[in-house]
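Structure, as structure tokens:
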């Protein structure tokens, strides 16, 4: 069964008396944002709404993603939380018949509302307080240790699930992925936030789920007490300071390099870097120091991490954004217009197109607007620039018009300026992970023979195997010498005499492109030759061919990706004649390996050379949205109000319905038109009444 989307839950929650089946929640009211939509937070499989009931507040979690055995999981979690009595946990109650959405009844989880800030929000305001950060560190470590002693694990320990409340009291929330011994047979329902998980976690589901994440959180907080600038340099609003890329390749991580220069955390940072390179089962022992880190960490293949950074979506992909509502993603686009409104509260709109057509918009309320004002000279400076913004996709439904996907900006750190090249990189689909190379078979045992024949035969065998693994059409290697009698060779078929050819330079359209290289030609033996590669005229290879790289000796296969070796395959001695004519004795310049041939003339001296275009052109910019839905409509309304009062009132009302995007002077004229039109109508009625009375017989 398809679960309701975010917009469905938002519409239902606005009428709690009809939506909720729980008697207490029916009497509540949702907390609304300045645009009148219910405030919502995303986490795991659920959307969390803030419902106030007679002075009490509840966190109501509504599920918008499927999860296996949801009722059984939360029944066991509720029992564990009540029995454990830990201060870091919050009581939960699973209601199978919780809310009615679109005629169907859906389950919910009801929890007491915990007042507090997410860990990264709290850190931003307390970076200069090492004592307070130390107290938070101790509470988080104690909470994770208490769960581990009871054989349990939170499963998704990260900044968004750690709240810091009044008195710096720490609470863990969101128990969708919690591990309990009684849930072991159900398996993992999620893999946790990738910026806090070991690359090899996979679908593990045991009491060690929090070991790596708790270490990452603790090391991050300790490092920030010694160098608070790390937060500004590495925090992206979806982490503290570490990211999944740091865990996938610690040797190339700038953060690990910075931490190595801080004596207080250098040793712990080295342990974390080493733990990222070992398998998941060895990781706890490496972090504790019980197992020494490997001397040479094995490189981890790309794509083995449990997750990736939030998916980057184009701001102009409206359909894709609507499908991701309720998810935390990164949106990349070019800002077309901005607007700041100050009506009881400060609201900032950052448009990426025409809002009337439902194009993507970023909305910042009071706190986000003030942070944007501090971070930039003017919000208008963002117009025409590429930005990447990270947050939860919500939906705004106007009275008229299309659904508008948007991100409610909670912090200015979630929005950053980027270049067009970086935008292309973020929007480019990730390359599939390269398959691991197959291990080479063990060489056949050979017998030493006098002279150097044994070494030559062994070299031939290894060279032949190397060419065979790299996809080259090579000749069969010479058999190793052995004590067994050799088989009787078949008579060789004489090859036709070689015909000399004149080397010709093909036209640019017929030059061969990068293709799987062939083995070098052989003249007198089956041993691969290390001489210059031979060439032959061939048509451009199809775009569906897969180039195969080789690490063999320099040959035509070593040329650049936009050049082709054009090497031909010669038949071994005694084999069938070659199907292609012999190549020229020396290849043309454009086919020589490791040789650069300029295809375009150099620009004049002193002029700048434009960068080469990327493989993916930048997305076509969306036409900028106008600053007003109907220019001068307020002026027209005022003029009509003086001339024909009721008509001016009607036009003014229409103009005021679009006042959100109308300049202040036009809005003032429209408001004045309403007053003038009403006075004009009253005066006209009075004049008509007086005229009728004076003309009556009784007058």
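Here are the numbers:
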item	result
Qualifying positions in segment 149-171 - touching a strand residue (DSSP E or B) at 6+ places or on another chain (Cβ under 7 Å) and under 14 Å from residue 205 (Cα atoms)	152, 153, 154, 155
Segment 145-158: number of residues that are crowded, with 22+ Cβ neighbours inside 10 Å and assigned to a helix (DSSP H, G or I)	1
Total residues in segment 262-285, condition within 15 Å of residue 209 (Cα to Cα) and crowded, with 20+ Cβ neighbours inside 10 Å	3
Where residue 68 falls short, out of the listed (1) under 22 Å from residue 182 (Cα atoms); (2) part of a loop (DSSP other than H, G, I, E, B); (3) touching a strand residue (DSSP E or B) at 6+ places or on another chain (Cβ under 9 Å)	(3)
Residue, farthest from residue 157 (Cα to Cα), within segment 233-256, restricted to residues that are part of a helix (DSSP H, G or I) and in contact (Cβ under 8 Å) with a residue 60 or more places away in the chain	245
Residue in segment 40-51 that is outside the structural domain of residue 173 (by TED's automatic domain parsing), farther than 17 Å from residue 395 by Cβ and modelled with pLDDT of 90 or more present	yes
Residue count for segment 28-55, restricted to those that are without any contact (Cβ under 8 Å) to a residue 40 or more places away in the chain and surrounded by fewer than 19 Cβ atoms within 10 Å (Cβ to Cβ)	9
Scope segment 149-171; condition touching a residue at least 24 places away in the same chain (Cβ under 8 Å), over 24 Å from the mean Cα position of the chain (by Cα) and over 13 Å from residue 88 (Cα atoms); matching residues	150, 151, 152, 166
Test for residue 417: is it within 18 Å of residue 334 (Cβ to Cβ) and free of Cβ contacts under 8 Å to residues at least 60 places away in the same chain	yes
Out of 259, 219, 183, sole residue that is surrounded by fewer than 22 Cβ atoms within 10 Å (Cβ to Cβ), within 26 Å of the chain's Cα centre (by Cα) and in a helix (DSSP H, G or I)	219
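The values are calculated or read from the model by the stated rules, or taken from the named source; none is laboratory data. Values in this document were obtained by computation on a predicted structure and should not be read as measured data. Using ideal geometry, Cβ is built from the backbone for each residue, glycine included, and neighbour counts are taken over all protein chains shown.
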